[in-house]
Amino acid sequence: MAYFGTTQSGEDVEKITISSGDLTVSILTLGAVVQDVRLTGVRHGLALGSDELKDYETTMGYFGAIVGPIANRISNARVRLDGMMYELERNENGDTHLHSGSQGVHRKIWQVASQTAESVTLALTLPDGAAGLPGQRDIMVTYQVSALATLTMTINGTTDAATCMNLASHIYWNLDGSKTWEGHHLRIAADHYLPIDDRTCPTGEIATVAGTPMDFRKGQVPQIGAPALDHNFCLAGGKQALRDVLWLTGNAGVAMTVATTEAGVQIHDAATSRRPGKSCYEGLVIEPQAWPDTPNHRGFGSITVTGGQPYTQVTRWQFTR
């Protein structure tokens, strides 16, 4: 564990590096950020990050972070739980609730609960009312590196009152180390996707990918803007056993297979986000999670957790070259 920097509010941020075989991963205590992913024999990092803490406090707030307790968007910025309506921060265009706003877990300093050469567990407690939601919530994320260049993330969340949880990893991936993700081949095991409105919120329709630019079932090389991507791809109707769901391959032959327990995966093309001095579209965001805006759409599942029904997610990234 090494000192990474001090936040504007005076909190120290640490950097933890874990390694096994051909894979080395660096993680920050700020936001449980995956700051760097290195594969032996590849000269560039695979996950977009920064060596400057100030970047994560400003324009790179979501880069590599865990987002939540509600990832993605809540279109009307409110949720109903046990007959009570909870108003959430309208932090996107003064209208929608995105990634839990200014009190999201990506803004928090996580505590190191345990650490080995190959793994680290980070812990965070959100008090009742934090991010506008009820319940004291205890969240733990474990990053584990194992042989065959595999990174596994396990998230567990408990609460003492009914609340909402839909956490997601928000890593920007570029397997080529190139200026943009153009040329990457993407395959997704999804027969349906969620169309969006002009606020990037789901319309409520569950649309077939067949015959549309959103059909990645056999794989394709998307072009910038064709299609524009900030959509949930529907992998299942609810949580499943861990299974491979997505395959990304760069021009140079580095490939990544993503497995998850989650019902959906949000793909964002980084059209409006970039690192200092870099271009937009530098990396693809791949976010396994529950379907977005579930409280407002019947048939989208549920993100309610209780004392008797805690939250869990497992997502795995495996790399080859």
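What follows draws every value from the coordinates through simple rules; no lab data is involved. No experiment lies behind these values; they were computed from the predicted model shown. Note: ideal-geometry Cβ built from the backbone for every residue, glycine included; neighbour counts use all protein chains shown.
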Legend entry - Filter result (under 18 Å from the mean Cα position of the chain (by Cα) and touching a residue at least 24 places away in the same chain (Cβ under 8 Å)) within region 19-44: V25, I27, L28, T29, L30, G31, A32, V33, V34, Q35, V37
Legend entry - Residues of region 283-299 that turn out to be part of a loop (DSSP other than H, G, I, E, B), surrounded by fewer than 19 Cβ atoms within 10 Å (Cβ to Cβ) and not basic (K, R), as a count: 2
Inset, instruction - Take region 137-174 and flag every residue that is within 14 Å of the chain's Cα centre (by Cα) and either free of Cβ contacts under 8 Å to residues at least 12 places away in the same chain or closer than 16 Å to G308 by Cβ (or both). - result: M165
Inset, instruction - Please work out if T59 is part of a strand (DSSP E or B) and of a type in the set (S, T, Y). - result: no
Legend entry - Count of region 76-109 residues which are in a loop (DSSP other than H, G, I, E, B), surrounded by fewer than 21 Cβ atoms within 10 Å (Cβ to Cβ) and hydrophobic (A, V, I, L, M, F, W, C): 1
Inset, instruction - Six or more apart or on different chains, Cβ under 8 Å: which pairs go from a residue in region 289-303 that's farther than 19 Å from A162 by Cα to one that's of a type in the set (V, I, T) and part of a loop (DSSP other than H, G, I, E, B)? Could you list them? - result: G299/I206
Inset, instruction - Scan region 195-220 residue by residue and report those that are touching a residue at least 12 places away in the same chain (Cβ under 8 Å) and in contact with an Asp or Glu (Cβ under 8 Å, 6 or more places away or on another chain). - result: P195, I196, R199, T200, C201, P202, T208, V209, A210, R217
Inset, instruction - Could you tell me which of the residues E57, E11 is surrounded by fewer than 19 Cβ atoms within 10 Å (Cβ to Cβ) and within 23 Å of L284 (Cα to Cα)? - result: E57
Inset, instruction - Identify, by number, the condition in (1) closer than 17 Å to G64 by Cα; (2) without any contact (Cβ under 8 Å) to a residue 60 or more places away in the chain; (3) surrounded by 14 or more Cβ atoms within 10 Å (Cβ to Cβ) that P134 doesn't meet. - result: (1)
Inset, instruction - Could you tell me which numbered condition T203 fails, if it satisfies all but one of (1) hydroxyl-bearing (S, T, Y); (2) out of contact with any Gly (no Cβ under 6 Å at 6 or more places or on another chain); (3) surrounded by 16 or more Cβ atoms within 10 Å (Cβ to Cβ)? - result: (3)
Legend entry - Verdict on L124 being over 20 Å from H99 (Cβ atoms) and in contact (Cβ under 8 Å) with a residue 60 or more places away in the chain: no
Inset, instruction - May I ask you to list the residues in region 240-272 that are in contact (Cβ under 8 Å) with a residue 24 or more places away in the chain, within 28 Å of E92 (Cα to Cα) and surrounded by fewer than 17 Cβ atoms within 10 Å (Cβ to Cβ)? - result: A271
